[in-house]
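Enquirer: My questions will all concern the structure given below.
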Amino acid sequence: MVLLRQAQYGEDAKTDCLLTDAMNYLEPIDKNKVPAHIAIIMDGNGRWAKQRGKERCYGHHAGAETVHIIAKAAAQLGVKYLTLYTFSTENWNRPPEEVEALMTLLFDSITEETFMKNNISFRVIGDVTKLPPKVQKRLEQCMNETSGNTGMCLVLALSYSARWEITEAARKLAKKVADGDMTAEEITDKLLEQQLTTAFMPNPDLLIRTGGEIRLSNFLLWQCAYSELYFCETYWPDFRENELYQAVCDYQKRERRFGKTSEQII
């Protein structure tokens, strides 16, 4: 129907259809049960570009635009934390020209204006010391400038690996034991969790992965132990508000028991 109306009436009709679809998915959402923390594996930029006969970087630029759209929609929905898997530790193994293009895109797309306009604060998790110095400086500047914002917190996972994060947390605790500040018997899962880079926010209630793949790809492995998982075929550059709302609607239909029975959580 959308394609038909677009052919008959042009881009304005397409926009009207998309807005109507978004409203249809937004209406049934219970605003009192919106996930406090949504994490997204933004997958499919390269394949989206390939379908259009373009270079992979073309898809990354389109994906960056989607970040702004979804961040704004999530903030308006009432999400408290939105964590985006932006660049993994494994991504450093990609062709040098693609890595360089991604770093340039990251530098250019991180601007305080969008965050300030939507009262969004900004944080980063991952081994940022591996990022180019100018990118590190831009990230730090944005974090400082938006630290007073009281709305949603947008978190970018950059040069991030869940295994790296857990290993670093274990090293910190091992050092405390070696220094005599604690014993090995005192180590608990809660104590280890406090050493993770995500200690400042709750674990994700909902994890979304776009692009059709069904795996976690070394992303928030500890934190997503009890997250609800949602996978969709849509490539990230095409992911829009209506699909975010659809994922939240699906989340709200699920029963989160955390190991208990249905009767125990009533």
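The values are calculated or read from the model by the stated rules, or taken from the named source; none is laboratory data. Quick caveat, the model's predicted, so the values are computed rather than measured. Ideal geometry is used to build each Cβ from the backbone, glycine not excepted, and the neighbour counts take in all protein chains shown.
Enquirer: Limited to the range 174-196, what total is found for residues that are within 24 Å of Leu220 (Cα to Cα) and either of a type in the set (A, V, I, L, M) or touching a residue at least 24 places away in the same chain (Cβ under 8 Å) (or both)?
Expert: Qualifying residue count for the region: 7.
Enquirer: Pairs only if they're at least six apart or on different chains, beta carbon under 8 angstrom, first in the range 92-113 and in the same structural domain as Thr146 (by TED's automatic domain parsing), second of a type in the set (S, T, N, Q); list them, first residue then second.
Expert: Every condition considered, the pairs that remain are Trp92/Ser159; Val99/Asn91; Leu102/Asn91; Leu106/Thr86; Glu112/Gln141; Glu112/Thr146.
Enquirer: Applying the selection to the range 117-139, what residues are over 17 Å from the mean Cα position of the chain (by Cα) and either among the β-branched types (Val, Ile, Thr) or surrounded by fewer than 15 Cβ atoms within 10 Å (Cβ to Cβ) (or both)?
Expert: If the condition is that a residue be over 17 Å from the mean Cα position of the chain (by Cα) and either among the β-branched types (Val, Ile, Thr) or surrounded by fewer than 15 Cβ atoms within 10 Å (Cβ to Cβ) (or both), then Lys117, Asn119, Thr129, Lys130, Pro132, Pro133, Lys134, Val135, Lys137 are the ones that fit.
Enquirer: How do the helices (runs of 4 or more DSSP H) wholly within the range 153-266 filter down when requiring 3 or more residues that are touching a helix residue (DSSP H, G or I) at 6+ places or on another chain (Cβ under 9 Å), buried (at least 16 other Cβ atoms within 10 Å of the Cβ) and not charged (D, E, K, R): which remain? Lay out the reasoning, then the answer.
Expert: Working: elements: 162-178, 189-193, 241-252, 262-265.
The helices (runs of 4 or more DSSP H) meeting that bar are 162-178, 241-252.
Here's the yes/no breakdown for (1) at pLDDT below 85; (2) over 19 Å from Tyr235 (Cβ atoms); (3) within 22 Å of the chain's Cα centre (by Cα):
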| residue | (1), (2), (3) |
| --- | --- |
| Ala13 | yes, yes, no |
| Leu18 | yes, no, no |
| Asp21 | yes, no, no |
| Asn32 | no, yes, yes |
| Pro35 | no, yes, yes |
| Met42 | no, no, yes |
| Trp48 | no, no, yes |
